[in-house]
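What follows is one structure encoded as structure tokens, with my remarks underneath.
Rule-based calculations on the coordinates, nothing more; no lab input. Predicted model, so just to flag it, every value in this text is computed and none were measured. Every residue, glycine among them, receives a Cβ derived from its backbone with ideal geometry; neighbour counts consider all protein chains shown.
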Amino acid sequence: MMRALIGALGLLALPLGLLGQTQPAQPAQPAQPMAVLKPAEQRDAFFKDGKVVEFKIDLTKEATESLRREPRKYVKATLTEGSLQFKDVGMHLKGAAGSSRPIDDKPGITLNMDKFADDQLYRGMDKFHLANSVQDPSYLSELICGELLRAAGVPASRIGHAVVTINGKVRGLYYVKEGYDRAFLQKNFGNGDGNFYDGGFLRDIDQPLELVHTKKDVADRGDLKALVTASREPNKEKRFQQLEKLLDLDKFISYMVLEAIMWDWDGYPFKCNNYRVYHEPTKDKITFIPSGMDQMFGDVNGPVMPDFGGMVARGLMETPEGKKRYIARMAEIMKTVYKTDTIVKRIDELEKTLQPILAKIDAGAGADYKNQAARLRDAVKQREKVVNQQLKTLLK
């Protein structure tokens, strides 16, 4: 009953009352009865719609105090968006060294809709995150880079935006990040039963990664142990063969290529950080999933053949065949995925949506927003030139 009710309500178009912001009229689309939309369809519609929503989060004094003491411990919260209200939502704070903020500031937030209430969903989502974007004043890096990754066949969370109020105080503009729940895995892999690991902070796969969930998949982290062994195989021809057997290699090479193009210095290939790992049991293949892409394009002149820090990336690039496929895939991605004009147009559209909303919340940030969007646009353009120049040398 609860799932059906949320399905019926999940796609209501709600005005941005707090912001006094109206959305431009959209061409009429054939309407589908909301009650028949499945959770996955609601989820798809939320991220496709692109509206900036308002979230109001209410916490008891006890819950607030708990988050002050133990930010990562779940508490119960009430979540409101327009006429929709959800009680007993699981909430804890998120963020690493650079982005972590306390509950009384502008905290990063994880919301788990059915942590304490069975089958409760928000617009088809069991779990999602509210990223404070304190390291990305454009609020666009993870959105843009995620779209590029998905276009290249690499699973990545979808991104929306919201204005967040906690206990009556507006905390600012956030971006809404799709959670890595079973529905995410089902959409991207066709099932959610495999071993799903959180890479944690600066940990490679030979360290005890957290097994977030599984359903009768490989026991005792045997999937990761096999990948560690393959990455360390002394014979490079055998190493490539073993890595190809264990990895979804096309996805992994595409991931490495785009991490280098977008210069994600804080991701797995470079630094063993900000990643998840999924073992797809039917294919018996491992896929790396990027996360935390809020510091992209930091070095537009960086080499396209960097010193990879992640053992799987490094091990693959040390093999002649791995290096060959990496270069070939980079050339292909630069022609078919990394289309600068399309990316710049996307940034332009998002700037028009976000700038007036940000200006109503923070006049200074709103005035500076055009500079932040311009910085990202310029980086995208410059990176195309640099990568193509380096590719010419590599392809000779």
Problem set entry | Derived scalar couplings ³J(HN,Hα) [the range 255-265; Karplus, 6.51 cos²θ - 1.76 cosθ + 1.60; whole Hz; x for Gly, Pro] | 4, 4, 4, 6, 4, 6, 4, 7, 6, 8, 5
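With N residues in the range 29-145, what two-decimal value do you get for its Cα radius of gyration over 2.2 N^0.38 Å? Walk me through the numbers on the way to the answer.
Values: Rg = 15.5 Å, N = 117, 2.2 N^0.38 = 13.4 Å.
Compared with the compact-globule rule of thumb, the range 29-145 sits at 1.15.
I need the calculated FRET efficiency for the pair residue 212 and residue 232, taking r as the beta carbon distance and R₀ as 22 Å, to the nearest 0.05. Write down the numbers at each step before the final one.
On the way: r = 25 Å, r/R0 = 1.15.
The computed FRET efficiency comes out at 0.30.
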Problem set entry | Backbone HN-Hα couplings from phi across the range 338-347 [Karplus 6.51/-1.76/1.60, Hz, Gly and Pro as x] | 7, 9, 4, 4, 5, 5, 5, 4, 5, 4
For this session: Among 381, 352, rank each residue by its count of other Cβ atoms within 10 Å, from fewest to most, as a rough exposure measure.
Result: 352, 381
For this session: Determine, for the range 340-394, the count of lysine pairs separated by eight or more sequence positions (or lying on different chains) whose alpha-carbon distance falls under 27 Å.
Result: 13
Problem set entry | In range of the label at residue 336: residues from the range 236-271 whose backbone nitrogen is under 20 Å from the point 7 Å along Cα→Cβ | 248-262
Problem set entry | Within straight-line cross-link reach of residue 225, lysines at Cα separation under 25 Å, skipping those fewer than 8 residues along the same chain | 215, 216, 236, 238, 245, 251, 271, 283, 285, 323
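Based on the alpha-carbon gyration tensor of the range 332-388, what equivalent-ellipsoid semi-axes (square roots of 5 times the eigenvalues) come out, in whole Å, largest first?
The equivalent ellipsoid of the range 332-388 has semi-axes of 28, 11, 6 Å.
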For this session: Could you tell me how many degrees, from 0 to 90 and to the nearest 10, lie between the Cα long axis of helix 39-49 and the main elongation axis, the longest principal axis, of the Cα atoms of the chain?
Result: 90 degrees
For this session: Assuming a ≥ b ≥ c are the square roots of the Cα gyration tensor eigenvalues, decide whether the range 211-289 counts as rounded (a/c under 1.5), prolate (otherwise, with a/b larger than b/c) or oblate.
Result: oblate
Problem set entry | Equivalent-ellipsoid semi-axes of the range 185-336, from the Cα gyration tensor, Å, largest first | 24, 18, 15
Problem set entry | Backbone HN-Hα couplings from phi across the range 134-142 [Karplus 6.51/-1.76/1.60, Hz, Gly and Pro as x] | 5, 9, 9, x, 7, 6, 10, 4, 5
For this session: Kindly provide log₁₀ I(q)/I(0) values, in the same order as q = 0.06, 0.07, 0.09 Å⁻¹, from the Debye equation applied to equal alpha-carbon scatterers of the chain.
Result: -0.24, -0.33, -0.56
Seminar exercise, completed: Any residue on another chain or 5+ positions along whose placed amide H is under 5 Å from the amide H of residue 132 is listed here as 108, 109
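Could you grab the relative contact order for the range 300-394? Cα pairs under 8 Å, six or more apart, rounded to a whole percent.
Values: 46 pairs, mean separation 38.7, N = 95.
Once normalised by length, the contact order is 41 percent.
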